[in-house]
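Novice: Here it is, the structure in full.
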Amino acid sequence: MCTGKCAKCIGCTLIPLAIICITCNAMLFFPGWSTEPSKEVGTKLTSEVTTCLGILGGGINVLLPAIQMAAAGGKGCCGNRCGMFLSLLGAASILAGSLFCLTMSVMGLRYGPVCQYYDPEETNTTGSPIPTTNTSLIWGRPFVNPLIEQNNENYLFHPEIWDTCVEPPNVVEFNIILFSILIAASSIEAILGAVHLINSLFGVICGTCRKKDDDYEDTMKDEKKENKCKQHLTSFITKPYQTVCVDPFQPIRLKRQC
């Protein structure tokens, strides 16, 4: 495929993926559809969310180069070596942003959400989240450490303990779904970014598939259109007019000679 057309195709594919990343990251600021955590970002939201992994990483860093690629692909700016070099810089931005989003999403999924749960030091000896006397709710990440009672496995494989988080409601499922979408979207972005990086390198080193004959033909077509337009304009201005008196009480009419 032509390097310019390939850039345009990749750009059109990346735009919806970037929008998905931005949307998911924005939703993560309201875990479980609760607005309370967003009021205390530093303590009630995960560090992965507050770094704007989807808004900046998989979002803006990908969206802006993708728009440029989609708009300038084919016979536009990506049709020459200079344009492909600029496209190469955009590919580097896409790859860096998507990898950042992917890494932070994996960490966010691995360590679980920040939620309100019962202090394990004050719960009963079985480790049950059911409150006992003198228990208190605290904000934190209850699934950061491996589950010793489940052979050091991750909380993802044990849905029966997800109700450890009391508030916000259903925050674990909310967290898993959105981070999974971010992982999928950023993975595709990273693959497309790598493909476009290679495509741009070929475009810079070898040039595009656009031939000189094509450039010459396009130039001649543009010149013919311009000359034709000039001829019509000149004919309209220079053609004489004749005066026809229809009625002495009527205004004079101008009639163009054929």
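The values are calculated or read from the model by the stated rules, or taken from the named source; none is laboratory data. Only a predicted model underlies this, so the values are computations on that prediction, with no experimental measurement involved. Methodologically, a virtual Cβ is constructed for each residue, glycine included, from the backbone with ideal geometry; neighbour enumeration extends over all protein chains shown. Note: accessible area is taken over every heavy atom of the protein model, side chains too, but ligands, DNA and RNA are not part of it. Shrake-Rupley method; radii C 1.70, N 1.55, O 1.52, S 1.80 Å.
Novice: Once ligands and nucleic acids are excluded and a 1.4 Å probe is used, how much of Glu160 is accessible, expressed in Å² to the nearest 10?
Specialist: Accessible area, nearest 10 Å²: 110 Å².
Novice: So if each residue of separation counts as 0.36 nm, and I subtract the Cα-Cα distance between Ser180 and Ile19, what length gain in nm does that give?
Specialist: Values: separation 161, 0.36 × 161 = 57.96 nm, distance 1.54 nm.
Gain on extension, Ser180 to Ile19, equals 56.4 nm.
Novice: Between Ala71 and Phe157, what length comes free when the chain is fully extended (0.36 nm per residue of separation minus the Cα-Cα distance, one decimal in nm)?
Specialist: Numbers: separation 86, 0.36 × 86 = 30.96 nm, distance 4.44 nm.
Full extension of this stretch gives 26.5 nm more.
Novice: Residue by residue through segment 160-169, which ³J(HN,Hα) values in whole Hz follow from phi under the Karplus form 6.51 cos²θ - 1.76 cosθ + 1.60 (θ = phi - 60°), with glycine and proline marked x?
Specialist: Once θ is set to phi - 60°, the couplings for segment 160-169 become 5, 9, 5, 6, 4, 6, 8, 9, x, x Hz.
Novice: Something else: Could you go through segment 170-185 in sequence order and give the Karplus-derived ³J(HN,Hα) for each residue, using 6.51 cos²θ - 1.76 cosθ + 1.60 with θ = phi - 60°, rounded to whole Hz, and x for Gly and Pro?
Specialist: Result, ordered by residue: 6, 5, 5, 4, 4, 5, 5, 4, 5, 5, 5, 4, 5, 5, 5, 5 Hz.
Novice: Something else: Applying the Karplus parametrisation 6.51 cos²θ - 1.76 cosθ + 1.60 with θ = phi - 60° to the phi angles of segment 47-62, what ³J(HN,Hα) value in whole Hz is obtained for each residue in order, glycine and proline being reported as x?
Specialist: Per residue, the Karplus-derived 3J(HN,Hα) values read 5, 5, 5, 5, 7, 6, 4, x, 6, 8, x, x, x, 5, 4, 9 Hz.
Novice: Still on this structure, please answer the following. Give the ranking of Trp162, Trp139 by solvent-accessible surface, highest area first, calculated with a 1.4 Å probe.
Specialist: Putting Trp162, Trp139 in descending order of accessible area: Trp139, Trp162.
Novice: Could I ask something else about it? Under a crude label model (7 Å from the Cα following the beta-carbon direction), how far is Asn145 from Ala26 in nanometres?
Specialist: 3.9 nm
Novice: Would you rank Asp119, Asp163 by solvent-accessible area, highest first, keeping every protein chain in place and using a 1.4 Å probe? Don't jump to the answer; show the numbers that get you there.
Specialist: Values: Asp119 30, Asp163 100 Å².
Output order, biggest surface exposure first: Asp163, Asp119.
Novice: I would also like to ask the following. For Ile94, Ile67, write out the residues from largest to smallest accessible area, computed with a 1.4 angstrom probe and no ligands counted. Provide the component values of the computation, followed by the final result.
Specialist: Details: Ile94 0, Ile67 80 Å².
Greatest to least solvent exposure: Ile67, Ile94.
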